[in-house]
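Asks: One structure follows; several queries about it will come next.
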Amino acid sequence: MNYKAVPFEKRIKENIRNYKLDNLYALDTLTEYCKALHTAMDVALLITERHGEKVVSVGGFAGFTPDVVGEPGRKVRVCGRTIAHLYAETDQVPEEKRQAVEHMLDGFAVMLSQWGEEAYLHMESSIYMDELEEKVGVQHVQTARGEKEDVLTGVYHKSYFEERMHTIDRAEIVPVAVVNVNINDWKFANDHFGDEESDRLIRIIADILKQQAKPGYVIGRVDGDVFITLIPMAEDGEAEQFCANVQKACLDYEDPVLAPSVACGLVYKTNVEEQLKDKLPDAEYEMFDNKFEIKNAPGYRERLAHGVK
């Protein structure tokens, strides 16, 4: 379905069907929370996908087969659609505490619905706005983009990129892949070919990043030759493939003067308590490891200097 032609309200109602629980929640954190409830109140808990696949199980549900049609438990709903089922076994709970525990479980289901809806709406609205800005070429949209984009490259400038980081943090989205992309030997290009060519090299790298990025990726130029890409709710291997595609596109780029090359450092934010800004130094560290490997590879220096006359 081409969502660029679909009203946002309809998109929200339909696209939730494509989301699984690991897209909306940090399952490790959710499991730990259920374990704490189990310990504190002696209640067994099971959370399933919409069709009954078990996702989180704490307590006595090992041989239990969920019947999400006949006995659906407590439904977890996002934007009007059931996305999960919460089952609870309270046989071990003392009778005098049973009513309080049932009330707590009702509240837990409501909280799961609220958390899921916040994460879902953030992701969908972010993607929708990016698509809308791409589609609508009127002047007021172009002006708005200019207020948040780096003039040289068209990706987000540092200040607006930091705002997007804070937004993702507040939405408690995990996992988030953090990719540091640093241009290899940008100073060599500047020293040998001048400011115009070194600026062109920065634009080339920015264009490659944008070409390889999927909707929802957040790309910022945070320093002269440094870009950061955020991939919210990255699937297994997605961020690694993005790095590989970017580096291959650089190697495949043919130019009589420049030899685009980047080092990539990849780390993940996996805990909602973490802040993305605190992951940036780790991504930079990984980038330097990759840079050392690339710059010492056979043929690197020859390709770098091929445009020097």
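The values are calculated or read from the model by the stated rules, or taken from the named source; none is laboratory data. Just so we're clear, the structure is a prediction, and the values are computed from it rather than from any experiment. Counting neighbours? That spans all protein chains shown, and the Cβs are built from the backbone with ideal geometry, glycine included. We work out accessible area using only protein heavy atoms, side chains counted, and drop any ligands, DNA or RNA first. Shrake-Rupley method; radii C 1.70, N 1.55, O 1.52, S 1.80 Å.
Asks: Running Debye on the chain with equal point scatterers at the Cα sites and no solvent, what base-10 log of I(q)/I(0) appears at q = 0.08 Å⁻¹?
Replies: Per q value, in the given order, log10 I(q)/I(0) is -0.48.
Asks: Determine the share of segment 164-229's accessible area contributed by carbon and sulfur atoms, expressed in whole percent, with a 1.4 angstrom probe.
Replies: 45 percent
Asks: Using 0.36 nm per residue of separation minus the Cα-Cα distance, give me the extension gain between ALA40 and GLU53 in nm, one decimal.
Replies: Taking ALA40 through GLU53 to full extension adds about 2.1 nm, to one decimal.
Asks: Could you work out the helix-only [θ] at 222 nm for the chain, with each DSSP H run of four or more residues adding -39,500 (n - 2.57) and the total divided by the number of residues, to the nearest 500 deg cm²/dmol?
Replies: After summing the helix terms and dividing by the residues of the chain, the value is -16000 deg cm²/dmol.
Asks: In what order, largest first, do ASP236, ASP278 sit by accessible area if the probe radius is 1.4 Å?
Replies: The residues order as ASP236, ASP278, largest area first.
Asks: For each cysteine in the chain, check whether another cysteine's C-beta sits under 4.7 Å from its C-beta; list those where none does.
Replies: CYS34, CYS79, CYS250
Asks: For segment 138-282, take N as its residue count and report Rg(C-alpha) divided by 2.2 N^0.38 Å.
Replies: Relative to the 2.2 N^0.38 Å estimate, segment 138-282 comes out at 1.06.
Asks: What is the local net charge at VAL43, summed over the other residues whose Cβ is closer than 15 Å to its Cβ (Lys, Arg +1; Asp, Glu -1)?
Replies: After counting each charged neighbour, the total is -3.
Asks: Take the Cα atoms of segment 1-81, build their convex hull, and give its volume per residue in Å³.
Replies: Residue-normalised Cα hull volume stands at 113 Å³.
Asks: May I pose another question? On full extension of the chain, what length is gained from ASN23 through HIS166, given 0.36 nm per residue of separation minus the C-alpha to C-alpha distance?
Replies: 49.6 nm
Asks: Oh, and also: Convex hull over the Cα atoms of segment 50-99, averaged projected area in nm²?
Replies: 4.5 nm²
Asks: Can you work out the base-10 log of I(q)/I(0) for segment 84-126 at q = 0.16 1/Å, using the Debye formula on its C-alpha atoms alone?
Replies: -0.53
Asks: For ASP169, what is the net charge nearby, where nearby means another residue's Cβ is under 13 Å from its Cβ and Lys, Arg count +1, Asp, Glu -1?
Replies: Within the 13 Å Cβ shell, the charges total -2.
Asks: Check the straight Cα-Cα distances from LYS158 and name the aspartates and glutamates below 19 Å, setting aside those fewer than 8 residues away within the same chain.
Replies: Leaving aside aspartates and glutamates fewer than 8 places away in the same chain, those within reach of LYS158 are ASP130, GLU147, GLU149, ASP150, ASP169, ASP199, ASP207, ASP223, ASP225, ASP278, ASP282, GLU284.
Asks: Over segment 15-61, with the other protein chains present, what is the accessible area per residue in square angstrom, probe 1.4 angstrom?
Replies: So segment 15-61 comes to 49 Å² accessible per residue, rounded to a whole number.
Asks: Among the listed pairs LYS20/LYS291; LYS214/LYS295; LYS214/LYS291; LYS210/LYS291, which have their C-alpha atoms separated by more than 31 angstrom in this model?
Replies: Too far apart for the 31 Å limit: LYS20/LYS291.
Asks: Right, something else. Among 297-309, 14-26, what's the highest-first ranking by average C-beta atoms within 10 angstrom per residue?
Replies: Packing order, densest peptide first, comes out as 14-26, 297-309.
Asks: Still on this structure: Please give the charge dipole size of the chain, origin at the Cα centre, charges +1 on K and R Cβ atoms and -1 on D and E Cβ atoms. Round to the nearest 20 debye.
Replies: 680 debye
Asks: Next up: Please compute the contact order of the chain in relative form: average sequence separation of alpha-carbon pairs under 8 Å and at least six residues apart, divided by the residue count, as a percent.
Replies: With pairs under 8 Å counted, the relative contact order is 16 percent.
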